[in-house]
Each structure stands twice: as structure tokens, then as C-alpha cells.
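S.K.: The following block contains the structure, expressed as C-alpha cells.
The values are calculated or read from the model by the stated rules, or taken from the named source; none is laboratory data. All of these numbers come straight from a predicted model, not from anything done at the bench. Backbone-built Cβ (ideal geometry, glycine too); neighbour counts: all protein chains shown. Each accessible area value is taken on the protein alone, full model and side chains, heavy atoms only, with ligands, DNA and RNA left out. Shrake-Rupley method; radii C 1.70, N 1.55, O 1.52, S 1.80 Å.
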Amino acid sequence: MTRAWDPRIEEMPVESLKKLQYTLLKTLVYRLYSFSPFYHRRMEEWGVHPDDIRSLDDIRKLPFMYKKDLRDNYPDKLFLASQEDLVRYHVSSGTTGKPTVVGYTERDLENWTVSLARALVSCGLGRGDVIQVSYGYGLFTGGLGLHYGAERIGATVLPMSVGNTERQIELMQDLGATAIACTPSYLLHIGEVAEKMGVSIRDDTRLRTGILGAEPWSENMRQRIQNWLGIKAYDIYGTSELSGPMFCECSEQKGFHVWGDLAYVEILDPKTQEPLPPGERGEMVITMLQKEALPLVRYRIGDISALDESVCPCGRTHPRVQRITGRVDDMLIIRGINVFPSQIEYALMTIPEVGQHFQIIVDRKGALDDMLVQVEVSPEAFSDKITDLMAIRKKVEHKLRNILNVGVNVELVEPGSLPRFEGKAKRVIDRRKI
Ligand code: DLL
């Protein structure tokens with residue numbers, strides 16, 4: 001069992017946590033109804049008044065909020081704090097439309113920092129650790145978020161940001177980094193560059209923990225990273241609107257704890273908007289219970305996951321959410337079949353002759369959708385003279401067809417030939433949209 005950063009909160013009885021959530025929700029709803037013209041209007045449209053919220057389940061009476069609402073109210077029309085009360089902005093670019101601006105009061109920053117302090121302690125970090133923060137610093141929330149959380153637990157921060165990969169590896173060695181926080185795809189790149197420099201992360205560094213997130217990655221990818229680099233890799237989740245990275249797996253490595261005093265999580269059927277039973281995958285919807293500057297009620301994040309209500313052996317009572325398998329909007333429809341890029345990664349990572357990198361190109365040939373998966377062969381298989389590339393390609397095609405229920409074309413490419421990423425990976429090129 002890992003010690004907790006704040007056992008009083010993290011291990012509080014579930015019933016007490018629910019009571020606390022109800023009190024916070026009620027206060028939040030009154031505050032929004034009284035002071036936010038946007039929420040006031042939306043609650044009236046939905047025919048709901050704060051007095052209607054008489055239990056935690058009544059949260060389902062409240063209106064949803066969408067990313068579009070943030071964009072339509074760019075940059076700060078939804079803020080409930082004046083500029084003098086803000087201590088920070090972060091801005092997320094997104095792929096379409098206007099960026100999203102998030103403002104933070106001092107208390108917002110404090111709650112964010114505390115959520116990361118809890119997260120880092122829950123995966124075994126603390127005083128004496130050197131945490132290399134290799135998420136981008138700046139408008140992106142990854143760098144500064146992890147930075148403040150790591151300092152709070154008394155660890156030593158190595159604020160690398162992204163890029164300059166050889167220097168990352170030199171300093172990792174020279175300053176004895178024990179943990180790294182970055183995207184899984186950037187860690188793969190760091191591992192490869194290290195090998196080219198003749199450095200084995202497993203044998204020549206003190207690295208033993210990875211705090212990896214900001215993009216979907218599969219369980220099989222975790223196993224590969226752990227075995228290759230000799231570290232434990234933990235999944236960390238968050239979005240700019242929530243504050244940034246906030247929720248991380250504990251020592252059990254089975255889903256991330258959503259801190260219930262700060263956030264209330266629902267998993268809904270995206271079509272019917274009804275709650276799904278634990279274990280069933282649906283759209284994650286989050287209400288931030290204590291945010292001051294940019295409150296969020298029933299925010300439709302669009303990420304797909306499932307609730308795990310089993311008691312966590314780590315002792316924390318806050319609900320766990322399983323690994324994200326994609327977004328409602330990253331689902332590709334190939335000849336009528338729903339395909340998620342995460343299924344492709346999952347399938348590829350079971351094949352030893354396949355390397356870590358792949359790219360999906362979707363196009364339309366005549367009236368038909370056509371999907372090409374370019375896959376790097378592993379360096380070992382590539383340098384082995386007796387490797388039968390044709391047989392590997394058949395194996396990959398067969399595996400993908402079994403998992404996806406639709407045939408796709410596979411092209412094997414040389415190790416190192418596909419793009420590498422320092423931040424979030426972009427694995428899908430959908431030419432149908434260009
Ligand atoms: O990516 C915040 C973050 C920074 C999380 C560092 C973790 C570590 P955004 O740029 O706003 O914020 O992107 C949020 O990224 O809605 C998910 O689709 C995706 N995402 C984030 N973490 C994970 C994860 C940051 N662990 C969007 N697994 C979210 C899968 C993730 N997807």
C-alpha cells in the first residue's frame with residue numbers, strides 16, 4: 001500500500017465523500033445560478049432550479065456543457081473571477097476553431113497542485129526523487145502542472161520541457177533523474193535516441209518511474225515501455241479545462257483515481273445520455289466541484305472510459321476510471337465499421353516483430369473508405385537476415401482484421417522512418433477530411 005499525500009481526504013469513507021460532494025455541488029449550483037448569466041440561462045432552458053438538487057444523483061438534472069460553449073465565449077466570458085483575481089492563464093490550441101482559455105485563481109492553482117501532489121505520491125514518488133518534467137512548459141498545462149506538483153511533494157524538479165533530446169538524456173544521467181513525466185510517444189523517442197547514443201535507460205540511468213499521459217496509449221504499450229526501459233509506467237490524465245493533468249494511477253496501475261472532493265465523474269451512454277453501469281465504456285462527463293475562475297458543470301469532455309467501483313487495494317476510496325481508449329470524435333468509420341486508433345495500437349503491440357511506431361492513413365478510393373496502416377518493423381526483426389517480411393505483413397493484417405472486423409492494408413516500413421513526436425503523437429492522417 002502506498003502512503004497517501006492526504007490520507008484524511010484520500011482514504012475517507014465513501015459515504016462521507018458522497019456527502020461532501022453533495023454539499024460542494026449544492027454550493028456550486030447556487031453560486032452559478034446567482035452569478036453566471038450563462039449557467040442561469042442554461043438552467044432556465046433546462047427547467048431546473050438550484051432547489052431541485054436534493055441529492056447527488058440529482059446532478060443528472062443539470063445541463064451539459066461543451067467545448068463549443070468555451071469557444072463561443074472566447075476568451076473569458078465564462079469566467080467567474082475578475083482579472084485581478086486571476087494568477088495564471090493556460091491556453092489549449094485544439095485542432096479546430098478558436099483556442100480554449102483557462103484562467104486560475106490562487107485557490108484554483110492550489111487545488112491543481114494538491115491534486116498532482118496526491119497523484120505523484122500515489123505512484124510512489126516523494127522526497128529524494130528527481131523528477132524530469134519533459135512535458136511542454138508554457139501555454140500547455142503539462143509542464144507547469146507537473147512542476148508545481150513535484151515541488152510540493154519535496155521532490156527535486158528537472159524542468160526540461162520538450163525537445164533537445166540528447167541533452168535530456170545527458171542530464172537524466174548526470175543528475176540521476178528517478179522519474180520522467182512526458183507523453184508516452186516522447187518517452188519512446190527518448191529511449192531510441194538514448195540507444196543511438198549508446199546509453200541504456202535501464203542500465204545506465206536511475207530512472208524507475210514514468211508519469212505518462214496527454215494522449216491515448218494502450219496497456220500493451222505500457223508493457224513494452226516497462227520491459228524495454230526497466231521502469232514502472234503510470235497513466236496520468238487531465239485536460240486544460242479541468243486545470244491540466246490531475247488524476248493518475250496509483251501503485252495498482254489499474255485506472256486513475258478521480259479526486260472526489262475536486263471532481264465528480266459520470267460515464268454516460270453518448271447517445272442516450274443515461275449513466276452506464278461500472279465497467280461499461282462510455283463518454284466521461286466531469287463536474288469540477290471547487291473551481292473558481294472557470295467552473296465546469298457536466299462537461300462533456302468526449303473521452304471514452306469506464307468506471308471502476310471496486311475497492312482499490314491502495315486504500316484510496318476515490319473512484320477509479322479505466323484507461324481512456326479514445327475520444328467520441330476520434331472514432332474512424334471505415335466502410336461502416338467503427339474503428340478506434342487505440343485498438344490498432346493494442347493489436348500491433350502484441351506482435352513482437354513490430355516496432356513501437358505506426359501511422360494510420362485513411363482515404364477514399366472511389367466510393368470506398370480505404371485504410372492503410374504503416375508499421376515500423378522492430379530493429380531486431382529488420383536486421384535479422386532470415387526475417388520473412390511478407391509473413392510479418394500477413395500476420396499484422398490478420399491480427400488487425402480479427403480485432404477491427406474490417407480489412408485494412410498494411411505497409412511495413414524501416415525502423416526509424418515514421419515521424420517521431422516530442423509532445424502529443426499524431427497517428428491518424430484522414431485524407432477524407434482534407
Ligand atoms: O493533455 C493535459 C495533460 C498534460 C494530461 C499532461 C496528462 C499529462 P489537453 O491538451 O487539453 O490537456 O488535452 C486533453 O488529451 O481530453 C484526452 O483526449 C487526451 N488525454 C490526456 N491525458 C490522457 C491519457 C492535456 N492519459 C485531452 N490517456 C483529453 C488518453 C489523454 N488520453
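S.K.: Just to check your reading of the model, which residue among PRO295, PRO277 is part of a loop (DSSP other than H, G, I, E, B) and either open to solvent by less than 20 Å² (accessible area, probe 1.4 Å) or of a type in the set (Val, Ile, Thr) (or both)?
M.R.: Sole residue among the options that is part of a loop (DSSP other than H, G, I, E, B) and either open to solvent by less than 20 Å² (accessible area, probe 1.4 Å) or of a type in the set (Val, Ile, Thr) (or both): PRO295.
S.K.: Being at pLDDT below 95, of a type outside the set (Phe, Trp, Tyr), within 12 Å of the ligand (Cβ to nearest atom) and out of contact with any Cys (no Cβ under 7 Å at 6 or more places or on another chain), is that true of even one residue in the range 101-124?
M.R.: no
S.K.: Still on this structure, please answer the following. Being open to solvent by 30 Å² or more (accessible area, probe 1.4 Å) and either farther than 19 Å from MET288 by Cβ or outside any loop (DSSP other than H, G, I, E, B) (or both) is the filter; apply it to the range 307-322 and report the residue that is nearest to the ligand (Cβ to nearest atom).
M.R.: Of everything passing the filter in the range 307-322, GLN322 is nearest to the ligand (Cβ to nearest atom).
S.K.: Filter the range 73-96 down to residues that are under 26 Å from ASP430 (Cα atoms) and either touching a strand residue (DSSP E or B) at 6+ places or on another chain (Cβ under 7 Å) or more than 16 Å from the ligand (Cβ to nearest atom) (or both), then give me how many there are.
M.R.: 3
S.K.: Suppose we keep only residues that are in contact with a Gly (Cβ under 9 Å, 6 or more places away or on another chain) and outside any loop (DSSP other than H, G, I, E, B) within the range 145-158. Which one would you say is surrounded by the most Cβ atoms within 10 Å (Cβ to Cβ)?
M.R.: LEU146
S.K.: Mind listing just one residue for me: the one in the range 1-45 that is assigned to a helix (DSSP H, G or I) and hydroxyl-bearing (Ser, Thr, Tyr) and, of those, least open to solvent (accessible area, probe 1.4 Å)?
M.R.: Here the answer is TYR39.
S.K.: Given the conditions (1) within 16 Å of the ligand (Cβ to nearest atom); (2) of a type in the set (S, T, N, Q); (3) open to solvent by less than 20 Å² (accessible area, probe 1.4 Å), report the number of the one that SER161 does not fulfil.
M.R.: (3)
S.K.: I've got another one for you. Scan the range 356-373 residue by residue and report those that are surrounded by 11 or more Cβ atoms within 10 Å (Cβ to Cβ) and not in a strand (DSSP E or B).
M.R.: Within the range 356-373, none qualify.
S.K.: Answer yes or no: is there a residue in the range 137-144 that is in contact with a Leu (Cβ under 8 Å, 6 or more places away or on another chain), in a helix (DSSP H, G or I) and not acidic (Asp, Glu).
M.R.: No - not one qualifying residue is present in the range 137-144.
S.K.: Could you identify the single residue in LEU125, LEU62, LEU86, LEU70 that is among the aliphatic types (A, V, I, L, M) and surrounded by fewer than 22 Cβ atoms within 10 Å (Cβ to Cβ)?
M.R.: Checking each option against the conditions leaves just LEU86.
S.K.: Could you tell me which of the residues ILE286, ILE304 is in the same structural domain as GLU84 (by TED's automatic domain parsing), open to solvent by 10 Å² or more (accessible area, probe 1.4 Å), within 16 Å of the ligand (Cβ to nearest atom) and in contact (Cβ under 8 Å) with a residue 12 or more places away in the chain?
M.R.: Exactly one of ILE286, ILE304 is in the same structural domain as GLU84 (by TED's automatic domain parsing), open to solvent by 10 Å² or more (accessible area, probe 1.4 Å), within 16 Å of the ligand (Cβ to nearest atom) and in contact (Cβ under 8 Å) with a residue 12 or more places away in the chain, namely ILE304.
S.K.: Against the condition within 13 Å of the ligand (Cβ to nearest atom), open to solvent by less than 10 Å² (accessible area, probe 1.4 Å) and of a type in the set (Gly, Ala, Ser), how does GLY260 come out, does it pass?
M.R.: No: the conditions fail for GLY260.
S.K.: Please go through the range 332-343 and pick out each residue that is within 15 Å of the ligand (Cβ to nearest atom) and either assigned by TED's automatic domain parsing to the domain that holds GLN223 or touching a residue at least 40 places away in the same chain (Cβ under 8 Å) (or both).
M.R.: Of everything in the range 332-343, those that are within 15 Å of the ligand (Cβ to nearest atom) and either assigned by TED's automatic domain parsing to the domain that holds GLN223 or touching a residue at least 40 places away in the same chain (Cβ under 8 Å) (or both) turn out to be PRO341, SER342, GLN343.
S.K.: Hey, can you tell me all the residues within the range 315-337 that are of a type outside the set (Val, Ile, Thr) and in contact with a helix residue (DSSP H, G or I) (Cβ under 7 Å, 6 or more places away or on another chain)?
M.R.: Of everything in the range 315-337, those that are of a type outside the set (Val, Ile, Thr) and in contact with a helix residue (DSSP H, G or I) (Cβ under 7 Å, 6 or more places away or on another chain) turn out to be ARG316, HIS318, ARG323, GLY326, ASP330.
S.K.: Exactly one condition in (1) in a strand (DSSP E or B); (2) open to solvent by 40 Å² or more (accessible area, probe 1.4 Å) is false for VAL101; which is it?
M.R.: (2)
S.K.: So, one more: Within the range 378-387, can one find any residue that is in the same structural domain as GLU414 (by TED's automatic domain parsing), open to solvent by 50 Å² or more (accessible area, probe 1.4 Å) and closer than 22 Å to ARG222 by Cα?
M.R.: yes
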